[in-house]
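Below you'll find the structure, written out as structure tokens, and then a few comments.
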């Protein structure tokens, strides 16, 4: 009896020590602040996928084990769709992780990058996190030693380490280090040969970060100086008047129904209408390639000819449009520097979030919280809702796109979506997902983003129901108080 009572006391003491830990949340051994949502525990000096694998570092703390577990269970699966190699593997787990567990330099860089994603997800400052800085510094020291060594290790390890540093510096907004690593990585890729999985993976990430590099310079710079560059097609804005020209009517006819309705209201510049038409062609082409018939790069063979039906030529395959996602991002950045009306400004921000989100899904996956933050903040600053119903429907599409692009980022902190919540409480189309889907299809729609849009809508619907429930409870309390006050006054008059 006494031994059982002593065991219960020890368990209770351990529980209290965990709940009342006053350890520094930035240390490696802070298990409560480093713990990832995982029902299983790692064994000593091992990780969950293979408990017999040993870490390539001498000091394995709880924070290191939890970050390794976070990378395996959360970070890597989130990146699987876009960063898989040609045979469909998750490159982060099948290609990089085995090498990281054999080399301390790549392992330290991976732990630092994972810690940065975890810290940013919690909304804290990465440069104040001691564990991140310690592992980052260790990895950088080992990388410098390797680069000056007379007999450097495998080139794949150096490329992967520099690619990991590129991701880390981009997430924490270290502009100088990011640009240095990007130039060095591009230089190394130019001097290396071969067509291996590692080189293809690193080259893809370097190209993706090259497109996103402009978002880091001076913390969302002004793009007004770009509008005069050679070949740029958007420099000034002109607005149509009635009657519309036949050419403009032909362009509007190529737009989705929702955007065409907005264009006909004369509140959108002709240049933006032309841009939307080109972007619509690109999205249609991407959606066509995503169909079930496009699982291979070669077209299916034509049916055999018979006496009754002569051989027919295969149907025309859609040609790739001139617009690319990279070009769309570039044009939208330049558009954001021009004087836009409020509807145009919200549309440009939403289209930029849409293109960034899509580019991230169709290319090598990289964190997008850094370029999306100014877009989200500027979008939520204008909370006034337009009166015309077609503008409200367009703004609802914009709000869902912006909120979904932000919420799906692993390095994004929780934020309020003010515009989306206001529209969700007002529009009848926001009451169920089927109506919301019908509305979204009237603008730009992609099946690959549909699930994330639905998750975003469900979160907004939950917030709307919770707000209505809280308002009704407050109203009931006020009504009860009014009745009690009225009863007290009546008693006083009777008295």
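Based on this model, can you work out whether residue 99 counts as more than 12 Å from residue 172 (Cα to Cα) and under 26 Å from the mean Cα position of the chain (by Cα)? No. For region 109-124, the count of residues that are closer than 21 Å to residue 368 by Cα, part of a loop (DSSP other than H, G, I, E, B) and at pLDDT below 65 is zero.
Yes/no matrix, rows are residues, columns are (1) in contact with a strand residue (DSSP E or B) (Cβ under 6 Å, 6 or more places away or on another chain); (2) modelled with pLDDT under 85; (3) assigned to a loop (DSSP other than H, G, I, E, B):
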| residue | (1), (2), (3) |
| --- | --- |
| 258 | no, no, no |
| 268 | no, no, yes |
| 272 | no, no, no |
| 300 | no, yes, yes |
| 303 | no, yes, yes |
| 306 | no, yes, yes |
| 311 | no, yes, yes |
| 315 | no, yes, yes |
| 320 | no, yes, yes |
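May I ask you to say which residue of 357, 365 is outside the structural domain of residue 206 (by the TED database), within 10 Å of the chain's Cα centre (by Cα) and at pLDDT below 80?
365
Put simply, of 121, 136, 183, 144 the only residue that is crowded, with 21+ Cβ neighbours inside 10 Å and out of contact with any strand residue (DSSP E or B) (no Cβ under 8 Å at 6 or more places or on another chain) is 136.
Restrict the check to region 326-334 and report whether at least one residue is assigned to a loop (DSSP other than H, G, I, E, B), in contact (Cβ under 8 Å) with a residue 12 or more places away in the chain and surrounded by fewer than 19 Cβ atoms within 10 Å (Cβ to Cβ).
Narrowing region 326-334 to residues assigned to a loop (DSSP other than H, G, I, E, B): none.
No: zero hits.
On the basis of being without any contact (Cβ under 8 Å) to a residue 12 or more places away in the chain and crowded, with 17+ Cβ neighbours inside 10 Å, does residue 174 make the cut?
Here the answer is yes, as residue 174 does meet what is asked.
Scanning region 409-441 for residues that are surrounded by fewer than 18 Cβ atoms within 10 Å (Cβ to Cβ), part of a loop (DSSP other than H, G, I, E, B) and either in contact (Cβ under 8 Å) with a residue 24 or more places away in the chain or touching a strand residue (DSSP E or B) at 6+ places or on another chain (Cβ under 7 Å) (or both) returns 413, 414, 415, 416.
The values are calculated or read from the model by the stated rules, or taken from the named source; none is laboratory data. These figures come from a predicted structure and were not determined experimentally. Cβ atoms come from the backbone with ideal geometry, glycine included; neighbour counts cover every protein chain shown.
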